[in-house]
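What follows draws every value from the coordinates through simple rules; no lab data is involved. Being a predicted model, the structure only gives us computed values, none of them experimental. Quick reminder, even Gly has a Cβ in these numbers, built from the backbone with ideal geometry, and neighbours come from all protein chains shown.
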Amino acid sequence: MLDHPPSKNSNKTPPTYFKIVDGTFIQLFKFPTTSATGNDTHSPVLSKDIPLNPTTNTWLRLFRPHHSFSGVKLPLIIYAHGGGFILCSAASTIIHDFCADISVKLPALIVSIGYRLALEHRLPVAYEDAVDAMHWITKSEDEWLRDLADFSRCFLMGSSAGGNIAYHAGLRAATASDDLEPLKIKGLILHQPYFGGSQRTRSELRLVNDRVLRLLPLSVNDMMWEQA
């Protein structure tokens, strides 16, 4: 697969993430999760969960600032979380807190996608789930979207693997813009997007044994790409 094989040290797969026995992947670490706030009056940001597609068991977590802005609608950000296409969910605490933070600070209405994960669900299903979320938004009668979201200012955003998902969902949206009316995709926000290839980049070769990156070496990235 690789034109430039990694060094001996980089081939060590840390046991923090997976245990591989007889070709079976066992996820060893579960990220802490946070429940949606509901109508908690003490929270500066409100959040709620909504089913997206019962057939695929996908769902959405919506975030909005607690205090609305009279007469002014908020930009809409459709967000895909990171995790190498394998880890985390929209309920993971690190993801929940990030979305809540940007919702109140921008401010914006955030739709975080609970997309399907590998290994059980390989790409391009995550891209399809993101597109499914866009179509759901255009038809939704949810009061937060109806009353607070400015559909003419919509952005696709993703972190790490989610940046990859946002990019590919954006390509699909560009070819079907009429079907997404009244949603207007104004741009992509790619937060440290996760892209890769079969040939090592110069930075990958230079940082192959970097101490900061030792918890996520190239061998783990290779495995995630192969399983995604």
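Work out the length of the dipole vector of region 37-194 about its Cα centre, built from +1 on the beta-carbon of each Lys and Arg and -1 on the beta-carbon of each Asp and Glu, and round it to the nearest 20 debye. Could you put the intermediate results ahead of the total?
Working: 13 positive and 16 negative charges, 64 e Å.
Around 300 debye, computed over region 37-194.
May I ask you to compute the full-extension gain from Arg172 to Ala36, defined as 0.36 nm times their residue separation minus their alpha-carbon distance, rounded to one decimal in nm?
Separation in residues times 0.36 nm, less the Cα-Cα distance, equals 46.0 nm.
Report the antiparallel proportion of the DSSP beta bridges in region 37-194 as a percent, rounded to a multiple of 5.
Close to 45 percent.
Starting with the highest mean, order 71-80, 144-153 by the number of other Cβ atoms within 10 Å, averaged over the residues of each peptide.
Details: 71-80: 20.1, 144-153: 16.4.
The most tightly packed comes first, giving 71-80, 144-153.
Evaluate E = 1/(1 + (r/R0)^6) for Ser198 and Glu120, where r is the Cβ-Cβ distance and R0 equals 22 Å; express this FRET efficiency to the nearest 0.05.
On the way: r = 24 Å, r/R0 = 1.11.
The pair Ser198/Glu120 has a calculated efficiency of 0.35.
Test of understanding: what is the full-extension gain from Lys105 to Leu207, defined as 0.36 nm times their sequence separation minus their Cα-Cα distance? Working shown, then result.
On the way: separation 102, 0.36 × 102 = 36.72 nm, distance 3.40 nm.
Here the segment from Lys105 to Leu207 would lengthen by 33.3 nm.
Determine, for each peptide in 191-198, 35-42, the mean count of other beta carbons within 10 angstrom over its residues, then list the peptides with the highest first.
In decreasing order of mean packing, 191-198, 35-42 become 191-198, 35-42.
Let me check against my output: what whole-number percent is the relative contact order of region 80-228, with C-alpha pairs under 8 Å and at least 6 apart?
Reported as a whole number, the value is 28 percent.
Distance in nm between label sites at Ser43 and Thr56, each 7 Å beyond Cα in the beta-carbon direction?
Going by the 7 Å Cα→Cβ label model, 2.5 nm.
Tell me which of Ala149, Ala126, Val111 sits at the most positive position along the dipole axis of region 100-162, charges placed on C-beta atoms (Lys, Arg +1; Asp, Glu -1).
Positive-end residue among those listed: Ala126.
At each listed q (0.12 Å⁻¹), what is the log10 of I(q)/I(0) that the Debye formula gives for region 37-194 modelled as equal alpha-carbon point scatterers?
-0.45
With a sphere of radius 11 Å drawn around the Cβ of Phe151, what net charge do the other residues whose Cβ falls strictly inside it have (Lys, Arg +1; Asp, Glu -1)?
Counting the neighbours of Phe151, the net charge comes to +3.
Please give the net charge around Pro54, taking every other residue with its beta carbon less than 14 angstrom from that of Pro54, where Lys and Arg add +1 and Asp and Glu add -1.
-2
Please turn the phi angles of region 121-135 into ³J(HN,Hα) values with the Karplus equation 6.51 cos²θ - 1.76 cosθ + 1.60 (θ = phi - 60°), one per residue in order, whole Hz, x for glycine and proline.
Rounded to whole hertz, the list is 10, 8, 4, x, 4, 5, 5, 5, 5, 5, 5, 4, 5, 4, 5.
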